[in-house]
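A short worksheet on the structure shown next.
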Amino acid sequence: MTSDLPAVRRVHAACPHDCPDTCAMQVTVERGRALRVQGNPEHPTTAGVLCTKVSRYTERSYHPGRVLRPLRRAGPKGSGRFVEVGWDEALDAIAARLGAIAARDPQAILPYSYAGTMGLVQGESMAMRFFHRLGASLLDRTICSSAGGAALAATYGGKVGMHLEHFAESRLILIWGSNSITSNLHFWTLAQQAKRAGAKLVCIDPRRSETAEKCHQHIALLPGTDGALALGLMHELVVNDWLDPDYIERHVEGWPALRERALAWTPERTAAVCGITAGEVRGLARDYGTTRPAAIRLNYGMQRVHGGGSATRLAALLPCLVGAWRDPAGGLLLSSSGWFRDARNDAWLQRPDLLGERRPRTLNMVSIGDDLLREASPGFGPKIEALVVYNSNPVAVAPESRKVAAGFAREDLFTVVLEHFLTDSADHADYVLPATTQLEHWDIHSSYGHTSVVLNEPAIAPLGQARPNTEIFRGLAARMGFAEACFADSDETLVRGAFRPDIVDYEVLQRQGWFQLARAEAPFADGGFFTPSGKARADAPGLGLPDHVPNHESAASAPALAARYPLAMISPPARNFLNSSFVNVDSLRASEGEPKLEIHPEDAAARGIADGAPVRVFNDRGSYLCKAELSPRARRGVVNGLGVWWRKFGLGGTNVNELTHQRLTDIGRAPSFYDCLVEVSPA
Ligand SMILES: Nc1nc2c(c(=O)[nH]1)N[C@H]1C(S)=C(S)[C@@H](COP(=O)(O)OP(=O)(O)OC[C@H]3O[C@@H](n4cnc5c(=O)[nH]c(N)nc54)[C@H](O)[C@@H]3O)O[C@H]1N2
Ligand SMILES: Nc1nc2c(c(=O)[nH]1)N[C@H]1C(S)=C(S)[C@@H](COP(=O)(O)OP(=O)(O)OC[C@H]3O[C@@H](n4cnc5c(=O)[nH]c(N)nc54)[C@H](O)[C@@H]3O)O[C@H]1N2
Ligand code: SF4
Ligand SMILES: [Mo]
């Protein structure tokens, strides 16, 4: 910090976390130290408010556990024993090792990253340039939203939907597969406004979540049965004549065939599959078919099961069938990220052209457990010899973590982790490289909840010897001899180039910290979906009509398995963590208490489990130790293992992903975390 800056100043920032709200923040800095972060009161959806977790962002940045110097491994993998080394020593050694592997086959090197920061610059700019130039294996970044994304692409032609602000004027809001109070707080504020103005709120969620208990109605269906529910609703819309035939005629493709399919889904059949009552199906259909404007806040919770893609397609068709899109406050929102499509310069940021003629294999991040343990083969290609992890904590968050941890423990695997903290993944690294936090670097963000671009200026100098991800990859590129001019671009250049200047006004962005994209308020009132025909698609090319797809693991699809493991487990986020981030922030971990499993009192009684007792949750893949919470939040037959603890903070050094599997969703190649059978016993 230079001394000519005022003693106390305010810096524009963006919340970096993987959350649809993408808050615009203001950081108060006094003499080079960040005192606090607050929500920008001018930003329409942030409205001056941050969630509890990120209000503590300074606690996270100044955390005594921050990794502030490069570390080299000094013990067995996973022991977390390291010695400090200088940057030059670390980068020279890493470049030499990656160079030697690349000389044989660069595809033996795998980047592993996700959304630890959602920033376009510290996310996939310089990092992608580096790996594209190297010719490393490509990573299919599917761990969160790609089933829902594929469903939106099939139905609307892109990840587009209602504008968040308009939910305040809706008369009926279905909150479907979303615990908004936990994971989409600023939407909840708008839903509350609608509620005060007389709107009815209905939550569709197997768990009686913090959000479900505050809605007028909670429909606690079985996990993975949303497609059946949507078909049952369609049945009722048809037989009661609640459709909008004019909208369907002009703006929907393939409805007649789907109509036939829906007619087989009587309320009774639907109720039996979903584990709810036929009255609930009828009542919900009546509300949805007869209320205007009617809005659906879909979230990613429903698509983490085998049939998640089909279920999302079916739900996404509902507003097309009743013409809900005619109103600004009607329609559906799962993701708004497609609204940024034309504005973003991703190809310039990431430079896939640096691959030239090479076409490296693509590995799915969901199957990292299996892939790390695979030998070379014609189908797979070379064995993975090196892993470069940034913005992610795979040992904690990837499914079937016993295999992931075994893979990371391979002595012949060379692992580099760019991190703030010694996470479960960093503990397994050969080198840990200290990365800056959002307070310490430049970035720029789009959003998957709203439609403004948010700028992040560095508020303070990097702590210790931390460096931005970009700078670390620049350093590696230089040592690998990558001479292309793009490796010299500064972070400010990357920020300035991330969006098209004819669409995003950087002066406004710099002045107010955010820039609202131009947009139509009722975007699909007259069709105009992102598909080639402009129509929403019931029947999508290559996919056919959507149907209810049962879970991989359920009594219906796998009766023998269900006999041994009769409980369905979902593992939605804990309120005070963000995926596995913040688990090491003491105040937030204290709020969560201990890793726990919510279980219905009758399911607990049948197993001799008392409230607060330690329990073993297990299946053929693994075993997870935690505390039972006898709770009305769990419905019978379903247990809720709230995520995602660091394994080393867990009771037996495990977390809930010990139990989840690597099987994929029907479309989108995504994980099915919430499609998992278990049994529970006292520990
Ligand atoms: N506090 C907090 N906020 C977060 C996160 C966090 O970890 N903590 N994570 C962030 C990230 S990465 C994401 S992707 C979003 C996720 O946020 P959401 O998209 O809202 O998804 P989840 O929180 O995973 O799940 C939402 C709800 O879906 C329910 N659910 C589980 N299975 C089913 C099902 O089969 N059908 C239906 N209808 N519901 C089901 C769960 O019980 C949960 O209450 O939140 C972001 N925000
Ligand atoms: N069982 C179960 N598993 C789940 C889920 C679930 O609901 N249930 N949710 C899934 C979902 S939706 C998601 S999105 C994934 C999320 O998985 P991840 O994307 O791996 O998210 P985090 O666990 O938050 O880990 C992000 C890491 O990035 C680091 N980081 C943050 N900013 C920076 C930076 O600027 N530079 C560097 N180098 N590092 C940084 C943080 O310190 C943190 O350790 O988890 C998935 N796993
Ligand atoms: S995690 Fe979400 S709600 Fe919290 S500050 Fe960040 S963007 Fe806002
Ligand atoms: Mo996510």
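The values are calculated or read from the model by the stated rules, or taken from the named source; none is laboratory data. None of the values given here were measured: they were computed from a predicted structure. Note: ideal-geometry Cβ built from the backbone for every residue, glycine included; neighbour counts use all protein chains shown.
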> Tell me, which strands (runs of 3 or more DSSP E) lie completely within segment 403-464 with 1 or more residues that are closer than 30 Å to Ala522 by Cα, away from ligand 1 (no atom under 16 Å from the Cβ) and at pLDDT 95 or above?
Replying inline: 443-445, 452-456
>> Take the conditions charged (D, E, K, R) and crowded, with 21+ Cβ neighbours inside 10 Å and apply them to Arg207. Does it pass?
In response: yes
>> Exactly one of these conditions fails for Pro360: (1) in contact (Cβ under 8 Å) with a residue 60 or more places away in the chain; (2) within 17 Å of Gly161 (Cα to Cα); (3) touching a Leu at 6+ places or on another chain (Cβ under 6 Å). Give me its number.
In response: (2)
>> Restricting to segment 424-459, and then to whatever is away from ligand 4 (no atom under 16 Å from the Cβ) and aromatic (Phe, Trp, Tyr), can you tell me which residue is nearest to the chain's Cα centre (by Cα)?
In response: Trp442
>> Just to be sure before I move on: is Ala329 among the aliphatic types (A, V, I, L, M), touching a residue at least 12 places away in the same chain (Cβ under 8 Å) and more than 16 Å from ligand 3 (Cβ to nearest atom) in the structure I sent?
In response: yes
> Assuming Thr211 fulfils every condition listed in (1) under 26 Å from Asn640 (Cβ atoms); (2) in contact (Cβ under 8 Å) with a residue 40 or more places away in the chain; (3) within 14 Å of ligand 1 (Cβ to nearest atom); (4) touching a helix residue (DSSP H, G or I) at 6+ places or on another chain (Cβ under 9 Å) apart from one, which condition is it?
Replying inline: (2)
> Mind checking whether some residue in segment 92-104 is among the hydrophobic types (A, V, I, L, M, F, W, C), away from ligand 2 (no atom under 15 Å from the Cβ) and within 30 Å of Phe187 (Cβ to Cβ)?
Replying inline: no
> Which residue pairs have Cβ atoms under 6 Å apart, sit 6 or more places apart or on different chains, and have a first residue in segment 555-579 that is in a loop (DSSP other than H, G, I, E, B) and a second that is of a type in the set (Asp, Glu)?
Replying inline: Tyr565/Glu679; Ala574/Glu592; Asn576/Glu592
> Can you name every residue in segment 357-367 that is outside any strand (DSSP E or B) and farther than 14 Å from Arg663 by Cβ?
Replying inline: Glu357, Arg358, Arg359, Pro360, Arg361, Met365
>> Tally up the residues in segment 510-569 that are in contact with a Leu (Cβ under 9 Å, 6 or more places away or on another chain) and on the phi > 0 side of the Ramachandran plot, please.
In response: 1
> Only one of (1) within 16 Å of Arg69 (Cβ to Cβ); (2) out of contact with any strand residue (DSSP E or B) (no Cβ under 7 Å at 6 or more places or on another chain) fails for Asp424. Which number is that?
Replying inline: (1)
> Taking segment 147-169 on its own, how many of its residues are under 21 Å from Leu578 (Cβ atoms) and crowded, with 24+ Cβ neighbours inside 10 Å?
Replying inline: 3
>> Cβ-Cβ under 7 Å, sequence separation 6+ or interchain: first residue in segment 234-260 and under 13 Å from Asp539 (Cα atoms), partner in a helix (DSSP H, G or I) and of a type in the set (Val, Ile, Thr). Which pairs?
In response: Trp255/Ile248; Arg259/Val238
>> Residues that are among the acidic types (Asp, Glu) and not in a strand (DSSP E or B): does segment 616-629 have at least one?
In response: yes
> With segment 1-116 as the region, which helices (runs of 4 or more DSSP H) entirely inside it contain at least 2 residues that are of a type in the set (S, T, N, Q) and surrounded by 16 or more Cβ atoms within 10 Å (Cβ to Cβ)?
Replying inline: 57-61
> With (1) in a loop (DSSP other than H, G, I, E, B); (2) touching a strand residue (DSSP E or B) at 6+ places or on another chain (Cβ under 7 Å); (3) not basic (Lys, Arg) as the list, and Gly379 as the residue in question, which single condition is left unmet?
Replying inline: (2)
>> Tell me whether segment 573-582 contains one or more residues that are within 14 Å of ligand 1 (Cβ to nearest atom), at pLDDT 95 or above, within 22 Å of Cys51 (Cβ to Cβ) and touching a helix residue (DSSP H, G or I) at 6+ places or on another chain (Cβ under 8 Å).
In response: no
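Matching residues to (1) closer than 30 Å to Ser310 by Cα; (2) in contact with a helix residue (DSSP H, G or I) (Cβ under 8 Å, 6 or more places away or on another chain); (3) touching a residue at least 12 places away in the same chain (Cβ under 8 Å):
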| residue | (1), (2), (3) |
| --- | --- |
| Asp603 | no, no, yes |
| Gly612 | no, no, yes |
| Tyr624 | no, yes, yes |
| Val639 | yes, yes, yes |
| Gly643 | yes, yes, yes |
| Lys648 | no, yes, yes |
| Gly668 | yes, yes, yes |
>> If I filter segment 284-323 down to residues being small (Gly, Ala, Ser) and without any contact (Cβ under 8 Å) to a residue 60 or more places away in the chain, which single residue comes out as nearest to Pro223 (Cα to Cα)?
In response: Ala285
>> Looking for something of a type in the set (Phe, Trp, Tyr), surrounded by fewer than 21 Cβ atoms within 10 Å (Cβ to Cβ) and either within 27 Å of Ala435 (Cβ to Cβ) or within 26 Å of the chain's Cα centre (by Cα) (or both) - is there at least one such residue anywhere in segment 347-354?
In response: yes
> If a residue has to be under 30 Å from Arg402 (Cβ atoms) and charged (D, E, K, R) to count, how many in segment 30-81 make the cut?
Replying inline: 7
>> If a residue must be more than 11 Å from ligand 3 (Cβ to nearest atom) and not β-branched (Val, Ile, Thr), how many such residues does segment 34-75 contain?
In response: 23
> Of these, Ala127, Ala168, Ala150, which one is in contact with a Leu (Cβ under 6 Å, 6 or more places away or on another chain) and among the aliphatic types (A, V, I, L, M)?
Replying inline: Ala168
